Each structure stands twice: as C-alpha cells, then as structure tokens.
Amino acid sequence: MAAAATTLGRLGGAVVSVPDPDASAGFLETALGFEIRPLDGGLQVVCAGDYGESGQAALELRPGPETGLVELVFEVGAGYDLGALALRARAAGLAPEAAGEEVAFADATGIGLRCVRAAARAVAMPAADGLRPRRLGHVNLKAADPGAAARGWEEVMGLMLSEQIGEALYFLRIAREHHNVGLRPGPRGELHHLGFEVAGWHVYEPILDRLAALGHRVEYGPGRHTPGNNIFTYLLEPASGLRLELFADMGRIAAGAEHEPKRWEAGDRMTQTLNRWGPLPPESFLA
Ligand SMILES: [Fe+2]
C-alpha cells in the first residue's frame, strides 16, 4: 500500500473553546498578526501555513465556559484511505464517524480527533505579513494516560514516536518534523500549549518588542529545548490563558531512516531537556 494511503498529511488545526472568542481573537490579530474570519459558531484564526496557494485554518475559537481543546484536526491527501482509518479505529475499540471527506472519533482517552481531506478544508491565503507566525506546527496537550494515548495514535493514525521523557511526555511526529503532537498527563481537554512556527531567530526581536509595546510580557524564553532542538518563547493569551509557543528551528528526522526514539528518564526533564541555554521555567509553566 502506498505511504500516502496511510500517512497523515499534516496537522491542520485545533478547535479550542475559550470564554470570550472576540477578546482572544483580538489579541491574536493585534499582537501577533493573525487573520480572523467569521465562522458559524465561532471564529477562524488563519495563517499562511506551508500549503502552497492556500492558507492554514490553524485555530477555531468557540465560546465555552473553560479554555480547552475540543478537537484536533489532521489533514490528509487525495490518496489517503479514510475508510481504512475508520476500520483501524473500529478495530481499536473506538467509534469512528465517517461523513464525506472526513472521519472523526474520540481516542481511547477521550481526545477528539478529526481527519479531513485537505482539499475540503482549504482556506484563502491571508495577506503577506513577515512577523505573523507561519503555521500551527504542533499541539502539546494533556491526557489521563498519555502513554495509552500515544500508543493508540501510533496504532490508529500512524503517528511515530520521536522522543519521550519518562512516562510523562511523549513527542509524536507525522513525517519528518520532530513533533506535531506532545502528550503529557493531566485532565482530558486541557492544553499545555499551541506551537506556532515563526520565520526564525531574527523575528523574535520585532515580535517581542511589539508585545512589550502593547503591555504584554512573555511567560518563558527565549530558550532552546533539547527534544526537537527548537528555539522557543511562550506567552499567554490574556483573555483565555491559552499558552502559545512561538518556535523556530525545529529538528527533522531523516525520511526512511530507522529512528530509535530517544528516551530520557523523568529526572532529566529539568536538568537536560527543558532549556539548553539555561534558565528554567516559572511554576506556572510546569503545571
Ligand atoms: Fe512545543
């Protein structure tokens, strides 16, 4: 079977509930340059993506009492076999719902996942903006049993384990980019952060200066993580508390190579994985 029939295309976006979508969208537009578009029941947050002529519908903000993940959306190519995905989900004891060009289900830990044909989800490219984050590259979320969630996502969705820290943090990838999903212990639906790729080291200065001019301070960073080797800066969207990571330089894993997932011990987290440059995060980040 061709790889395209079973390999997800890319992380398409996240549907997130926030108490005040207008306020959250206002920050994302003013402080970070995202384009906001109206949507039935919510707001769509658009960036350029790496999709050629169409943009990325990176976020859907829906009103809800608490900030949290509603579902993750993966996009698949024209050759992807959505029927086979539904069969694998059913074989794993899940209850997939197939409709047209998409299959949706909750994983074994209750996390909502949706796989959609990319062409059915294409959105118009936003106006050029060199400082706007390019794309949603990964989502780091909580699961009651992150190990079980990671194994299920490997089995049903074909994601691959890149690296893990003890039994508490799993980094999974779709193809070559080091991770597109991070799973850690915690209440289902809670997000740790949404990882948006920026153009490179040089744009942190103007982005963080603009944030400062608007009265916002970062929560943690800049620094460099060991897993993925990416540069990071984290900030909290003030209306919802949603944590955003602005990342650059994410590592890639060679195509076709046998990759033995790197495993750290739990005690390595603070000393070796969080920040190669030194400063450790505030307590708020570790919750
Ligand atoms: Fe991240």
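The numbers here are math on the coordinates, done by the rules we state, and not lab data. Note that the coordinates shown come from a computational prediction; the quantities given were computed from them, not determined experimentally. Virtual Cβ from ideal backbone geometry, glycine too; neighbours counted across all protein chains shown.
How much net charge surrounds ALA78 when only the other residues with a Cβ under 12 Å from the Cβ of ALA78 are counted, with Lys and Arg +1 and Asp and Glu -1? Display every interim value, and only then the final one.
Numbers: positive: ARG117; negative: GLU75, ASP81, GLU101.
Once positives and negatives cancel, what remains is -2.
Using the crude model of +1 on Lys and Arg Cβ and -1 on Asp and Glu Cβ, and no other charge, please compute the dipole size for segment 237-287 relative to its Cα centre, in debye to 20.
Working: 6 positive and 8 negative charges, 10 e Å.
Here the size comes out at about 60 debye.
For segment 130-137, just list the computed ³J(HN,Hα) in residue order, Karplus coefficients 6.51, -1.76 and 1.60, θ = phi - 60°, integers in Hz, with x standing in for Gly and Pro.
Values, residue by residue: x, 9, 4, x, 6, 6, 7, x Hz.
Give me a comma-separated list of calculated 3J(HN,Hα) values for segment 172-183, in order, Karplus coefficients 6.51, -1.76, 1.60 applied at θ = phi - 60°, integers in Hz, x for any Gly or Pro.
Running phi through 6.51 cos²θ - 1.76 cosθ + 1.60 with θ = phi - 60° gives 10, 10, 8, 9, 9, 4, 3, 8, 10, 9, x, 10 Hz.
Could you list which residues have their amide H under 5 Å from that of ASP81, counting only those 5 or more apart in sequence or on another chain, with H placed in the peptide plane?
Here THR6 satisfy the definition.
Among residues other than GLY221 whose Cβ falls under 15 Å from its Cβ, what is the net charge (Lys/Arg +1, Asp/Glu -1)?
Values: positive: ARG217, ARG224, ARG243, ARG276; negative: GLU197, GLU205, ASP209, GLU219, GLU245, ASP249.
Value of the local net charge: -2.
How big is the charge dipole of the chain about its Cα centre, in debye rounded to the nearest 20, if each Lys and Arg gets +1 on its Cβ and each Asp and Glu gets -1 on its Cβ? Write down the numbers at each step before the final one.
Details: 26 positive and 36 negative charges, 74 e Å.
So the dipole magnitude of the chain works out to roughly 360 debye.
Given H placed on each backbone N at 1.01 Å, which residues far from GLU71 in sequence or on other chains put an amide H within less than 5 Å of it?
Residues meeting the amide H criterion: VAL15.
Among LEU161, HIS178, CYS115, whose Cα lies farthest out toward the positive end of the dipole of segment 103-179, if unit charges sit on the beta carbon of Lys, Arg (+1) and Asp, Glu (-1)?
CYS115
So, in Å, what gap is there between the alpha-carbon centers of segment 226-247 and segment 60-110?
Between the Cα centre of segment 226-247 and that of segment 60-110, the gap is 25 Å.
What is the Cα radius of gyration of the chain over 2.2 N^0.38 Å, N being its residue count?
Numbers: Rg = 18.0 Å, N = 287, 2.2 N^0.38 = 18.9 Å.
Cα-based Rg divided by the globular estimate yields 0.95.
Would you please give the residues with an amide H less than 5 Å from that of ARG188, counting only those at least 5 places away or on a separate chain, with H modeled from the backbone geometry?
Distant-sequence amide H within range of ARG188: ALA144.
Of the peptides 210-216, 172-178, how do they stack up when ordered by the mean number of other Cβ atoms within 10 Å, highest first? The partial results should precede the final answer.
Numbers: 210-216: 12.6, 172-178: 19.3.
Descending packing order for the listed peptides: 172-178, 210-216.
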